[in-house]
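*Asks:* The structure is given below, and queries will be raised subsequently.
The values are calculated or read from the model by the stated rules, or taken from the named source; none is laboratory data. Predicted model, so just to flag it, every value in this text is computed and none were measured. Virtual Cβ from ideal backbone geometry, glycine too; neighbours counted across all protein chains shown. Keep in mind that these areas ignore ligands, DNA and RNA; they rest on the heavy atoms of the full protein, side chains included. Shrake-Rupley method; radii C 1.70, N 1.55, O 1.52, S 1.80 Å.
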Amino acid sequence: METHKATATGLDLGPAARQVHELVGRVEDRQLSGPTPCPDYSVRELLGHLLGLTIAFRDAGLKDLGPTTDTSPDSALPVLPDDWRTSLPPLLEELVAAWRAPSALEGMTRAGGVDLPGQIAGMVARNELLVHGWDLARSTGQDFRAEEEDLRSSEAMLSGDDDRTGADAIFGPPVTVPAGAPLLDRVIGLSGRRPDWRPEG
């Protein structure tokens, strides 16, 4: 995947998208039915969710509002298309390109059926790539790395999310991690996941 440099006014999702691209490329067919840290998703459905959110946030960045940005991700279990191995990488490139444009951060947009400022939508997109990238890595036994800037952005966003109990809650209650835990573990805990989660339990 092409390396995208940070811009003065746009948002660089390149590092997070590149990590997802690399992880996806190493998923084996036998792993598709395995569990993930998302209780309702197998690896297959997690990949379907990643593909769907990539399209939705690409279109949110482009302000191309319609069916892809209007549909809640909880409306149905994600379906993974047969061509996911070849279709997801270019979609990730398109997502990165959309958010590098300064206009992506201006005004309002929509994602998952929710209207929100472009600045916030960009933070959500970055966090989705990071957290679900970690989900995929952990589910398939791969190493995961994240840029500190991306982790700090997710930490700030997740720390400010106080609505964790309603039907519309995106994340579960935060998981407490030991004092002095790495920043990645703190972010994953804030997302409602156990940093020590493994497929075998």
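*Asks:* State yes or no: is Pro195 at pLDDT below 95 and either part of a loop (DSSP other than H, G, I, E, B) or over 27 Å from Ser75 (Cα atoms) (or both)?
*Replies:* Working: at pLDDT below 95: no; either part of a loop (DSSP other than H, G, I, E, B) or over 27 Å from Ser75 (Cα atoms) (or both): yes.
No: the conditions fail for Pro195.
*Asks:* Quick check on region 169-177. Is at least one of its residues open to solvent by less than 30 Å² (accessible area, probe 1.4 Å) and either in a helix (DSSP H, G or I) or at pLDDT 95 or above (or both)?
*Replies:* no
*Asks:* Looking at the structure I just gave you, is Asp59 crowded, with 20+ Cβ neighbours inside 10 Å, of a type in the set (D, E, K, R), under 20 Å from Arg126 (Cβ atoms) and at pLDDT 95 or above? Step through it out loud before you land on a result.
*Replies:* Working: crowded, with 20+ Cβ neighbours inside 10 Å: yes; of a type in the set (D, E, K, R): yes; under 20 Å from Arg126 (Cβ atoms): yes; at pLDDT 95 or above: yes.
In short, yes.
*Asks:* When both residues are 6+ apart or on different chains and their Cβ atoms are under 6 Å apart, which pairs have a first residue that lies in region 24-49 and is on the phi < 0 side of the Ramachandran plot, and a second that is part of a helix (DSSP H, G or I) and open to solvent by 60 Å² or more (accessible area, probe 1.4 Å)?
*Replies:* Partner pairs satisfying both residue conditions: Leu32/Arg44.
*Asks:* Restricting attention to region 22-39, report how many residues are at pLDDT 95 or above and open to solvent by less than 50 Å² (accessible area, probe 1.4 Å).
*Replies:* Just the residues of region 22-39 that are at pLDDT 95 or above, to begin with: 22-37.
Filter once more, keeping what is open to solvent by less than 50 Å² (accessible area, probe 1.4 Å): 23-24, 27, 31-32, 34, 36-37.
Of the residues in region 22-39, 8 are at pLDDT 95 or above and open to solvent by less than 50 Å² (accessible area, probe 1.4 Å).
*Asks:* Quick one: count up the residues across region 94-110 that are assigned to a loop (DSSP other than H, G, I, E, B) and of a type in the set (Gly, Ala, Ser). Reasoning before the result, please.
*Replies:* So in region 94-110, the residues assigned to a loop (DSSP other than H, G, I, E, B) come out as 101, 106-107.
Retained after the next criterion (residues that are of a type in the set (Gly, Ala, Ser)): 101, 107.
Residues meeting the conditions: 2.
*Asks:* Have a look at Leu95, Leu46 and point out the one that is surrounded by 18 or more Cβ atoms within 10 Å (Cβ to Cβ), at pLDDT 95 or above and touching a Cys at 6+ places or on another chain (Cβ under 9 Å). Write out each step before concluding.
*Replies:* On the way: Leu95 fails: touching a Cys at 6+ places or on another chain (Cβ under 9 Å).
Going through Leu95, Leu46 in turn, the sole match is Leu46.
*Asks:* Look at region 62-92 and say how many of its residues are crowded, with 18+ Cβ neighbours inside 10 Å, aliphatic (A, V, I, L, M) and farther than 20 Å from Pro15 by Cβ.
*Replies:* Summing the residues that are crowded, with 18+ Cβ neighbours inside 10 Å, aliphatic (A, V, I, L, M) and farther than 20 Å from Pro15 by Cβ in region 62-92 gives 2.
*Asks:* Hey, another quick one. Looking at Ser159, Ser103, which one is at pLDDT below 95, hydroxyl-bearing (Ser, Thr, Tyr) and open to solvent by 20 Å² or more (accessible area, probe 1.4 Å)?
*Replies:* On the way: Ser103 fails: at pLDDT below 95.
When all the criteria are applied, what remains is Ser159.
*Asks:* Say we look at region 140-154 and pick out the residues that are of a type in the set (Gly, Ala, Ser) and in contact with a Pro (Cβ under 9 Å, 6 or more places away or on another chain); which of these is farthest from Gln31 (Cα to Cα)?
*Replies:* Of all residues in region 140-154, those of a type in the set (Gly, Ala, Ser) come to 141, 146, 153-154.
This time we only want the ones that are in contact with a Pro (Cβ under 9 Å, 6 or more places away or on another chain), so: 141, 146.
On the way: Gly141: 10, Ala146: 23 Å.
Step by step, filter region 140-154, then rank; the result is Ala146.
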